[in-house]
Amino acid sequence: MGFRGKLKLSRKEQHGVSMKFRVRDPRPAQTIQDGLRFVKNMKHGLAGQPDKYDEVVATMRQFMSGSICTADVVERVKVLLEGHPDLLRHFNEFLPWGYIRAHGPLGRLSV
């Protein structure tokens, strides 16, 4: 006597896509101008810390080349922009819906 029932299909098999990607992002799509505005604000906000600005830009280049993933970008930029809650909030606007972080008044991750 073996198992005679059906195996339950995963949500991905049932619907063709995982649930994670079925949730629509309610935010408006970001434009090139939005990206340029973020870079300008970041350059101004990190004016006294040019090495941090350069590291954020280098991280974005690594992401664009495919050498690091979204999760790595989020972790690196979160550290680099710590103490700049306005920049962290602006950075969040570019993240996929599942990666958005909440930041406290000092730019630290709020759990």
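Every number in this text was worked out from the coordinates using simple rules, so none of it is lab data. Predicted model only: the values in this text are computed from it and were never measured. Glycine gets a Cβ as well: all are built from the backbone with ideal geometry, and neighbour counts include every protein chain shown.
Distance from a point 7 Å along Cα→Cβ of residue 67 to each backbone N in region 30-59: keep the residues under 16 Å and list them by number.
What the label zone holds, given the 16 Å backbone N cut-off, is 54-59.
Under the Karplus relation 6.51 cos²θ - 1.76 cosθ + 1.60, θ = phi - 60°, what is the ordered set of whole-Hz ³J(HN,Hα) values for region 41-46, x standing for Gly and Pro?
After applying 6.51 cos²θ - 1.76 cosθ + 1.60, I find 5, 5, 4, 5, x, 9 Hz.
Give, rounded to the nearest 20 debye, the magnitude of the charge dipole that region 29-99 has about its Cα centre when Lys and Arg contribute +1 at Cβ and Asp and Glu contribute -1 at Cβ. All intermediate terms of the calculation are to be shown ahead of the outcome.
Working: 8 positive and 9 negative charges, 33 e Å.
Dipole size: approximately 160 debye.
Which value results when the Cα radius of gyration for region 29-99 is divided by 2.2 N^0.38 Å? Each step should come with its number before you reach the end.
Details: Rg = 11.5 Å, N = 71, 2.2 N^0.38 = 11.1 Å.
Normalised by 2.2 N^0.38 Å, the Cα Rg of region 29-99 equals 1.03.
For region 51-61, just list the computed ³J(HN,Hα) in residue order, Karplus coefficients 6.51, -1.76 and 1.60, θ = phi - 60°, integers in Hz, with x standing in for Gly and Pro.
5, 5, 4, 4, 5, 4, 4, 4, 4, 5, 5
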